[in-house]
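Q: Submitted below is the structure of interest, expressed as structure tokens.
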Amino acid sequence: MSDAPLLEVRDLSIRFGAVTAVSSVGFSVAKGEVFGIVGESGAGKSAAARGIIGLLPPSARLGGSVRFRGEELVGASQARLRSVRGSEIGYVFQDALTALDPVRTIGAQLVEVLRVHRKVRPREALAAAAELLAELQIADPERTLRSYPHQLSGGMRQRAVIAAALIADPALIIADEVTSALDVTVQRKVLDLLLGVCAARGAGVILITHDLGVVAQTCDRVAVLYGGIVAEEADVFALFDRPMHPYTRALLQSMPRIGDSAPFRPIPGSAIQIFGELRACPFADRCDRVTPACRSALPPVQRTGKSTHRCLHPLAVPA
Ligand SMILES: Nc1ncnc2c1ncn2[C@@H]1O[C@H](COP(=O)(O)OP(=O)(O)OP(=O)(O)O)[C@@H](O)[C@H]1O
Ligand SMILES: [Mg+2]
């Protein structure tokens, strides 16, 4: 079925001991789509991303369902997950700059990634790596391939890490704050290069970020995470035009605006950590629309058209 989602996450939950990082999260990503996940620190973005590809520490408990091209990944064997990672789902994580091996050249590392997943000769692999580095606008790919990580600038190293995630031509890329370690001026460029390569190859992208400006300019759909739940999910225009969840509105209001003299309006209250099972709206303590009902149960997922929200008192009436 051609319109089946590339990735379908249902009722995903992740616990680290007493801490609940993710509670019944659901969303799907279509082929070629750029799907944003936003939310402040501790919202569960990275935990969800790692859960999807089976990269959680052994102590974590994972529940629910993650279907990639129809195949269930929750409970899949380690061998199968290893093969999915890198070859079918590429990922670049927050701490990506430490992902490179300091004592091997960029070329050796890229060739290895490709040869683990694809039957190609070393010379072909090296040519593919050079081509990809050129696509990522690295001026002298051959020289970069011969370099060790410490010989490259942060921006170049980050592109090498991105190249490693893309080289086996995965259908889905998970990019978790990939540019946050970089200088602001290079961040956007590197992200655009990543998205450009994904678009050229028709790969879907899950883009995890704090930056709503980036979301507005690059994503097709967005899930807003708060306290480990998807507070709201919608296409990017609906989300910015007509947020349904008070948390989404608060996030949008905290966005700096060009020419604003007092640009940042932090949301009252601090980010939360959830212990045990979530039995109330996690945003209740910070919400100006809260009622006792919000504190007596986790609001159910409400679906309107292609959007969802989990709020008993949504801001907008669905169109
Ligand atoms: N390995 C771990 N062991 C214990 N708790 C963890 C672990 N990883 C994450 N957590 C907890 O799970 C929750 C979600 O963390 P997560 O890293 O997914 O947040 P995040 O949305 O990615 O935040 P950030 O924007 O800061 O990257 C937090 O309360 C965090 O403390
Ligand atoms: Mg994170």
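The values are calculated or read from the model by the stated rules, or taken from the named source; none is laboratory data. Note that the structure is a prediction, hence the values are computed from the model and not measured. Here Cβ is always computed from backbone atoms with ideal geometry, including for glycine, and neighbour counts include all displayed protein chains. Surface accessibility is based on the protein's heavy atoms, side chains included, excluding ligands, DNA and RNA. Shrake-Rupley method; radii C 1.70, N 1.55, O 1.52, S 1.80 Å.
Q: Would a scan of segment 210-224 turn up a residue that is within 16 Å of ligand 2 (Cβ to nearest atom) and not hydrophobic (A, V, I, L, M, F, W, C)?
A: Yes, that holds for at least one residue.
Q: Let me ask something else about it. Restricting attention to segment 6-25, and to residues there that are away from ligand 2 (no atom under 16 Å from the Cβ) and open to solvent by 30 Å² or more (accessible area, probe 1.4 Å), which single residue is farthest from Y247 (Cα to Cα)?
A: Only one residue tops the list, namely G17.
Q: Tally up the residues in segment 89-109 that are more than 16 Å from ligand 1 (Cβ to nearest atom) and at pLDDT 90 or above, please.
A: The total comes to 11.
Q: Oh, and also: Filter segment 42-101 down to the residues that are more than 19 Å from the chain's Cα centre (by Cα), of a type in the set (S, T, Y) and either within 14 Å of ligand 2 (Cβ to nearest atom) or within 28 Å of R115 (Cβ to Cβ) (or both) and list them by number.
A: Hits for segment 42-101 are S77, S83.
Q: I'd like to check something: does segment 90-97 contain any residue that is open to solvent by less than 10 Å² (accessible area, probe 1.4 Å), over 24 Å from V34 (Cβ atoms) and assigned to a helix (DSSP H, G or I)?
A: no
Q: Can you name every residue in segment 27-59 that is open to solvent by 20 Å² or more (accessible area, probe 1.4 Å), closer than 19 Å to F16 by Cβ and of a type in the set (A, V, I, L, M, F, W, C)?
A: L55, L56
Q: Got a sec? Which of D169, D192 is surrounded by fewer than 19 Cβ atoms within 10 Å (Cβ to Cβ) and either assigned to a loop (DSSP other than H, G, I, E, B) or within 15 Å of ligand 2 (Cβ to nearest atom) (or both)?
A: D169
Q: Considering only segment 74-83, I want to know if a residue exists there that is in contact (Cβ under 8 Å) with a residue 40 or more places away in the chain and open to solvent by 60 Å² or more (accessible area, probe 1.4 Å).
A: Checked against the condition, which is being in contact (Cβ under 8 Å) with a residue 40 or more places away in the chain and open to solvent by 60 Å² or more (accessible area, probe 1.4 Å), segment 74-83 yields no hits at all.
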